[in-house]
Amino acid sequence: MDRRYLVTALGYAILGISLGIYMASTKNHIQNVTHAHMLLIGFVISFVYAVCYKLWVANDNSKLVNLQYWLHQVGTIIIIVGLYLMYGNHIASNIIGPVLGVGSILILIAIILMKILVIKNNNV
Ligand code: HEM
Ligand code: HEM
């Protein structure tokens, strides 16, 4: 799971930095928030989770570990696509707002699960 998170994190880094370079070169910073959260939720948090699994949580394939991974992934994808549509003015914010809320809650549940996993694995 540590490697899976690491590979995922680097994928978001490539996407986020590509968007950053696009924003810088076109001088169009409208997707600033999308870029920031693609990198901070997608790259930074996934990388932190990779470190957690490497150092403090049993690197197994248990249901809880998989659930933790997929909640963070689904939440991140909802946030990235939602922010992109909202800041690009492709969708009304009152429609996408609740969807972004759901994505945020999935990300919150994933971090709560990670805290539970770290506490449960106090002998790793
Ligand atoms: C080659 C790489 C990168 C380029 C070209 C780039 C480009 C940009 C640009 C053009 C902005 C908009 C600035 C503005 O309108 O205020 C921005 C904002 C931002 N970037 Fe990047 N970026 C890069 C890498 C990163 C990385 C690696 C991270 C985080 C891990 C990051 C985090 C942020 C954040 C948090 C903001 C929002 C700052 C704010 O609104 O105060 N960027 N970036
Ligand atoms: C589900 C989780 C998150 C939610 C719902 C959220 C929400 C928000 C909102 C509403 C803003 C203001 C955007 C605006 O300027 O209009 C913001 C900005 C920001 N957030 Fe988050 N955030 C989340 C996760 C994170 C994480 C994990 C980090 C850092 C590791 C982070 C760092 C930042 C930074 C640096 C800004 C200012 C940059 C910008 O304006 O783009 N956020 N966030």
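The values are calculated or read from the model by the stated rules, or taken from the named source; none is laboratory data. Since this is a predicted model, take the numbers as computed values, not measurements. So basically every Cβ, Gly included, is an ideal-geometry build from the backbone, and we count neighbours across all protein chains shown.
Numbers for the structure displayed
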| item | result |
| --- | --- |
| Single match in Gly75, Gly101 (criterion: more than 15 Å from ligand 1 (Cβ to nearest atom), part of a helix (DSSP H, G or I) and in contact with a Ser or Thr (Cβ under 9 Å, 6 or more places away or on another chain)) | Gly75 |
| Test for Ala50: is it in contact with an Asp or Glu (Cβ under 7 Å, 6 or more places away or on another chain), within 16 Å of ligand 2 (Cβ to nearest atom) and at pLDDT 95 or above | yes |
| Leading residue by the ranking (nearest to Leu15 (Cα to Cα)) among those in segment 65-124 that are buried (at least 20 other Cβ atoms within 10 Å of the Cβ) and polar (S, T, N, Q) | Thr76 |
| Any hit, segment 46-58, residues being more than 26 Å from Asn123 (Cβ to Cβ), assigned to a helix (DSSP H, G or I), among the β-branched types (Val, Ile, Thr) and out of contact with any helix residue (DSSP H, G or I) (no Cβ under 7 Å at 6 or more places or on another chain) | no |
| Unique residue being at pLDDT 95 or above and under 11 Å from the mean Cα position of the chain (by Cα) when the list is Ile79, Ile109 | Ile79 |
| Residues within segment 18-32 that are assigned to a helix (DSSP H, G or I) and surrounded by 14 or more Cβ atoms within 10 Å (Cβ to Cβ), tallied | 4 |
| Residue check for Met86: more than 17 Å from Arg4 (Cα to Cα), more than 15 Å from the chain's Cα centre (by Cα), within 16 Å of ligand 1 (Cβ to nearest atom) and in a helix (DSSP H, G or I) | yes |
| Residue list for segment 82-113, restricted to those being away from ligand 2 (no atom under 11 Å from the Cβ) and under 15 Å from Ile45 (Cβ atoms) | Ile112, Leu113 |
| Residue match in segment 24-36 (condition: within 12 Å of the chain's Cα centre (by Cα) and more than 8 Å from ligand 1 (Cβ to nearest atom)) | yes |
| Residues that are touching a residue at least 24 places away in the same chain (Cβ under 8 Å) and of a type in the set (Gly, Ala, Ser), drawn from segment 19-44 | Gly42 |
| Number of the condition not met by Val48 [criteria: (1) under 13 Å from Met114 (Cα atoms); (2) crowded, with 17+ Cβ neighbours inside 10 Å; (3) within 16 Å of ligand 1 (Cβ to nearest atom)] | (2) |
